[in-house]
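Heads up: the structure comes next, in structure tokens.
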Amino acid sequence: MLRWLTILGIYMALGNGLGLRLCADETPAEDAKPASFYREVRPILQRQCSGCHQPAKAGGHLVLTSFEELLKGGEAGAGLTAGKADDSVIMQYIVGDPPEMPRGADPLKPEQIELIRRWINEGAKDDTPASARDTISAEHPPVYATPPVVTALAYSPDSQVLAVSGHHEVLLHQADGTGQLARLVGRSVKINSIDFSPDGKWIAVTGGAPAVFGEVQLWDAATHELKVSQQISFDTLFGGSFSDDSQQFAFGGFDNKARVMDVATGNIIMTLDAHSDLVFDTTFSLKLDHLITVSRDMAMKLTEIKSAQFIDNITSITPGALKGGLMAVQRHPKEEQVLVGGADGEPKLYKIFRTEARKIGDDFNRIRGYAVLPGRIVSLQFNADGSKFVVGSSNATSGAARIYSTDDAKLLYELPGHTAGVFAVAFRPDGKQVATAGFDGKVRLFDVETGQLVTEFLPVDITPAVAATP
Amino acid sequence: MLSLTRLSHCVLAFCCSMTMLLAEEAASPQIVSIQTWPEKLVLHDVRDARGLLVIGRDAAGKTYDLTADAVVSATTPHIEIDAERFVNPREVGSSEVIVTAKGHEQRVPVVVENVEPRSIDYVRDFLPHLSKHGCNQGTCHGAQQGRKGFKLSLRGYDPLYDYRALVDDVSGRRFNRTEPAQSLMLLKPTQGVPHEGGFLFDEQSRAYRDIAQWIAEGCQFSETTRPVRLELFPSAPTLDRRGERQQVQVIAHYDDGQSRDVTRDAMFEASNFEVATVTKGGQIQAVRRGETAVLVRYEGVYGNLNVTVLGNREGFVWQPAPEFNFIDQKVNQKLERLKALPSAVCTDAEFLRRVTLDLTGLPASADQTRAFLDDSRDSRSKREALIDDLLNSPEYVDHWTLKWSDLLLSNRKFIKEQGVWGFRNWIRQSLAENKPYDQFAFELMTASGNSLENPAANYYRIAREPREVMENMTQVFLGTRFVCAQCHDHPFEKWTQTQYFELSAYFGGVGRKAQGTEAEVIYDLRNPQTVMHGGTGQPAPPKFPFTVTGYEASGSDVPRLQLAKWLVSAENPYFAKSLVNRYWSYLLGRGIIDPVDDIRLSNPASNPELLDALTADFIAHDFDLKHLLRTIAASQTYQRSFITNEWNKDDDVNYSHASPRRLQAEQLYDAIMVATGAPMGVPGAPTGFRASQLPDAAVNVPFLDMFGRAPRESPCECERSSEVSLAQTLTLINGPTISDAIAHPQGLVQKLVTQNVTPKEAVAEIYLSVLNGLPDDTESNQGTAYVTEHGLLVGGQDLMWALINSPAFLFNR
């Protein structure tokens, strides 16, 4: 008995000692600091409200992605009255049993509601740091002190224009690299893919702002007008591709989904949910009835578009120590075959449709592989007839780009001069040149017949920066 | 009612102790002067910001850390003091800072050598921020699968891996060169975008500025080396009272001669937070008397502070204790520093029982006891003579064969019954001839041939995969645990995943061929099996995890021969030291590094000077195991009483008194036989076999399992249990092992009955036999009265039973 009591005593002593220590070490209670809009209130709005109250989908004519919009409010009037939480519209919506908002989701937690109340009562100040404000628009296009990383390249079907990704914009250049034609400045901070529609009418862009929103932009290729800006999900979109008839546009997303958009209406006509990680790239089957998607989850999936039904994993075998899964895919221009690349650095050609019964772990659809590139394959593209392709890879501190012959798996050219990761490649539709670009921000044009560099240029104008402070 | 009273008593006592603790807190000292560390600053480049420790002194010369209270100000525009009171270079030239604390002022010279703009270095300027803010810790992006698709190497052990994740992943998703502030890697930690890891730093912080600048400068990779060592100041702080604080300064040194003050970016962790805590910024705070290590980690290098909290020692006066050999000198130096007084030397009877149990696994018999106590030589001489006798006895061989059979996992599950006997005999032979320890290990590492003809070859039948052999080898012969490094770099040590596989690769060439059902032939493969690196999937060539001075690989040696030479080299910093530490723990109850097979920086030696001296002596005597045991047993430290005094009662790690240890399973079983005079015998084993002579745990003796004999599945010293359980107590009280032994017809009590001795003589004989000492007068009178009343047989048996169930028998003390 005595022993148990002693043990009890020890526990109490421990418990008490701990309590004392906590008291001594504790920083002043958080209430001492005013509630922060930028750090505390905004993330709540971001996560729980902005899905339905954002520029692309302003439910109740209310947008909650910025302080100014919150103040302005929507149909129910100004969003809040500074200093008077109980009179503020937002409080009336988020408090209650059940509260009116968020609709179709769990109510905000009591501490979140309390925080918003406190922030309003403390005067509803906007403490967003200047560094976090996005001030770029068509009127205030980006100014570059250093060239941006190039993540996407695309030639127009007539081989006259080369579209290059920039920061917050797509830059249209003469295909021979002799000059800039136009700047397509949109909302997306990051541009992840650029595609001309096969009929030449559209330039489709996927991108967004990481961890904020994803966006599809459809620009009129002739007038350079932004016709569609559709915000989708809360992170960036990737890997856009047009159907051969230019009617549909498919893309992947950071939200693990792939979607197909009807170009005429801008409506999403199919959403694919089968991947378990971000979807890097998409391509349509030759008959346009199926979509092929590749993902960081290492799988290449086949889906019927009409029924949105998942058909098959074309492959899910990507050995290799690097992470990243499968990152690039394109259908052969004339066959039901796809060229795929990813973290193992090996370009591979696959049959889209299975000719042998499926077995766990099989790789029956594989037609052939090509000599492995260093690092991870990020981008690849066939020429117009599918007889050759260009492929680019990135290996953290270096990169490579090559041209292969499709049918005999011959490495035609190691394209020289790449000193950093290659994130984008494009084959000019007339078959004469390929373009490469990536981490170093330079666009390089190579002659397909000789594999030699024709020219290289920076896609943006550089304005020397003010000297950096130490 | 009783329990309630006791409970309230406990609570009361507890309250009192809290009051005392509070009263112990440091009173405000009277500072008479202040100084800084360092005493002057030289700032080598534009980002070489350095801090100052401020030390105050009272009239008695005692020092106090005033860093947290000091005001630091610049005198000229050459320097600027930032919010963390670091001195930042601004212009080349000489200047001074003024440090004020407790009304005293100190001027500290500062030289700024260079302020040339320099770009952010990925390895030295950028990555440390990720560690300091926890981005790469195991619960965040350092997890096996990372978090939310973003994976960093655990605690930043792989800069290239991290560069790929930060820069190359998803085509540069995480940075934005055009508008660095729009970079995901800045928006996330500032909570500019939702971040499950929460808010980590703001836009004004050093981390933000450095990361933003690195991005603006183009996210350049660098292959700059990481630091090679950390310099810590003060390296062994001693704090007096609860609540006293000490700021630590951490200087990182690089192989190119550069150094940096990285106090703000290093990680601190106290190994025993009941003794002292440490803040994120490296300020240690005393909690109670004791010692703790504070581990400091920065970019793959580790440092270690030994923090001593003295507590209130008013009235303490050091009294020199006798020193029998160098061990006592080292132990006493530590005790004097800690203000602890060692216990007195134990009695001859206590020493006899202790040393006999420790060296031979058996207690002394009544005859041995009588002979030793009657020996008229002076105590120290006869103790030394006894040590030699014991080391040369056959029981020494049995006892240490058991220990080594445990460590080497001699188990018929792995090597069949014949293998167990053969291996046992090889170990016995080695110990009997006192084979030098380096030779012993070398023969095991290089053993080849038929396991029946060369039983040492059984070593390679126990662990069969290169990784397993390596894990066992490092734990037994180097006292370190490599196993964590299989999946990632060791989180608390310098061992890396790459080293894990490279070291395993030395065993890739071991071939095993079955020879009948009982044996195998061990040989060297012509084409060694390739060990694949678990992280990169690439082959891992054999490479040592640390270099050993004087050792040079010979290309003509097969890999495991190279390994054996490297392992047993006198210069190997772990080989001799880990053995010495292990043996010390067997005799003193606790390793100088403890646990003995988990040597790592974050588990430092309680007395490094002692361990070094023992190691040096062991090596100087050619790895002579008997010499080592003799030296330890002959020390005054070993011979101390377990009875504590006012000044050492709270010490359990510095050997100021003996620590009673429960007899181990085999020892206990055999001791019962010796004490009762019953003939030796273990159920299922040939007559005369002692428990300590059993070949392995497959001989089924429930008594031994209950008392925690080692099952020999893993080389961990923790396999052998010394815990005390209720079932054990019941077995000792009621179990047949003891009652049968006491009542044995050939036993002591029966013999006394036959000899018809007097009750008083019987009591003395029973005390001598069970406890190895004569009863004092009270014990003798009580015992005699009892035996007189109940008769020699019953009374004698009862007395013996009672003594066997006493701590004086069950514990080696």
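Every number here is computed from the coordinates shown, using simple stated rules; none is lab data. Not measured: the values here are computed from a predicted model. All Cβ positions, glycine included, derive from the backbone under ideal geometry; neighbour counts span all protein chains shown.
What is the projected area of the convex hull of the Cα atoms of region B:462-557, averaged over all directions, in nm²? With every direction weighted equally, the projected area is 7.5 nm². Rounded to the nearest 20, the Cβ-based charge dipole of the protein assembly as shown about its Cα centre (Lys and Arg +1, Asp and Glu -1) stands at 960 debye. Need the C-alpha centroid separation for region A:332-403 versus region B:260-324, integer Å. Centre-to-centre (Cα) distance: 58 Å. Based on DSSP H segments of at least four residues, each scored -39500 (n - 2.57), the protein assembly as shown has a per-residue ellipticity at 222 nm of -8000 deg cm²/dmol. The residues neighbouring residue A:226, those whose beta-carbon lies less than 13 Å from its own, together hold a net charge of -1 under the Lys/Arg +1, Asp/Glu -1 convention. Remark: the Cα gyration tensor places region B:318-367 in the prolate category, a/c being 1.5 or greater and a/b exceeding b/c. Per the Kirkwood formula applied to alpha carbons, chain B shows a radius of gyration over Rh ratio, Rg over Rh, of 1.03. Give the cross-link partners of residue B:40 among the aspartates and glutamates, using a straight C-alpha distance below 20 Å as the criterion and excluding same-chain residues fewer than 8 apart. Counting by Cα, and skipping residues close in sequence, residue B:40 has these aspartates and glutamates nearby: B:48, B:65, B:69, B:80, B:82, B:84, B:91, B:96, B:105, B:113, B:231, B:261. Counting only alpha carbon atoms, the long axis of helix A:2-25 and the longest principal axis of chain A meet at about 70°. Over region B:498-599, the hull volume per residue, using the convex hull of the C-alpha atoms, is 155 Å³. The simple Förster model, with R0 at 56 Å and r as the Cβ-Cβ distance, assigns residue A:158 and residue B:160 a FRET efficiency of 0.85. When each of the peptides B:390-398, A:108-116, B:238-246 is scored by the mean number of other C-beta atoms lying within 10 Å of its residues, the order from highest to lowest reads B:238-246, B:390-398, A:108-116. Normalised Debye scattering of region A:30-132 at q = 0.12, 0.13, 0.19 Å⁻¹ gives log10 I(q)/I(0) of -0.35, -0.41, -0.93, counting only Cα atoms as equal scatterers and leaving out solvent. Counting Cβ atoms of other protein chains within 10 Å of each Cβ in A:146-152 and taking the mean gives 5. What angle do you read, to the nearest 10 degrees and between 0 and 90, between the alpha-carbon axis of helix B:206-216 and the longest principal axis of chain B? Taking the Cα atoms of chain B, the angle to B:206-216 is about 60 degrees. Counting only lysines at least 8 places from residue A:84 when in the same chain, those with an alpha carbon closer than 23 Å to its own are A:33, A:72, A:109, A:125. As a calculated quantity, the FRET efficiency between residue A:336 and residue A:268 at R0 = 25 Å, using C-beta atoms, amounts to about 0.50. Expressed as a fraction of 2.2 N^0.38 Å, the value expected for a compact globular protein of N residues, the C-alpha radius of gyration of the protein assembly as shown is 1.15. Annotation: aspartates and glutamates with alpha-carbon distance below 13 angstrom to residue A:323 (same-chain offsets under eight excluded): A:277, A:297, A:344, B:162, B:168, B:169. Anything over 19 Å Cα to Cα? Flag those among B:62/B:102; B:543/B:565; B:403/B:626, in the order listed. Where the Cα-Cα span goes over 19 Å, no listed pair is concerned, since all stay within it. Panel values: region B:122-216, Kirkwood radius from alpha carbon pairs, Stokes-Einstein at 25 °C and 0.890 mPa s, translational diffusion coefficient 187 µm²/s. Based on alpha carbons, the Rg and Dmax found for region B:142-187 are 10.9, 32 Å.
For region B:28-71, a Kirkwood radius taken over Cα pairs fed into Stokes-Einstein (20 °C, viscosity 1.002 mPa s) yields D = 184 µm²/s. If both residues of a DSSP beta bridge must be in region B:31-112, then about 90% of such bridges are antiparallel. Fewest neighbouring Cβ atoms within 10 Å first, the residues B:806, A:243, B:451, B:259 line up as B:806, B:259, A:243, B:451.
Between the helical axis of B:777-790 and the longest alpha-carbon principal axis of chain B there is an angle of about 50 degrees. Only one residue of B:479, B:441, B:522 has its Cα farthest out toward the positive end of the dipole of region B:397-568, where Lys and Arg carry +1 and Asp and Glu -1 on Cβ, and that residue is B:522.
Could you please rank A:97, A:289, B:256, placing first whichever residue has the fewest other Cβ atoms within 10 Å of its Cβ?
On the way: A:97 5, A:289 12, B:256 9.
Exposure proxy ranking, most exposed first: A:97, B:256, A:289.
Taking max minus min of the alpha-carbon positions on each principal axis, chain A gives extents of 83, 67, 55 Å, largest first. Simple rule: put +1 on each Lys or Arg Cβ and -1 on each Asp or Glu Cβ in region B:122-216, find the dipole, and look at B:146, B:201, B:130; the Cα lying farthest toward the positive end is B:146.
Calculate the mean, over all residues of peptide A:126-132, of how many other protein chain Cβ atoms lie within 10 angstrom of the residue's Cβ. Could you put the intermediate results ahead of the total?
Details: counts 0, 0, 1, 7, 2, 11, 9.
Mean shielding count: 4.
The three principal axes of the C-alpha atoms in region B:229-309 carry coordinate ranges of 41, 17, 17 Å, sorted with the longest axis first.
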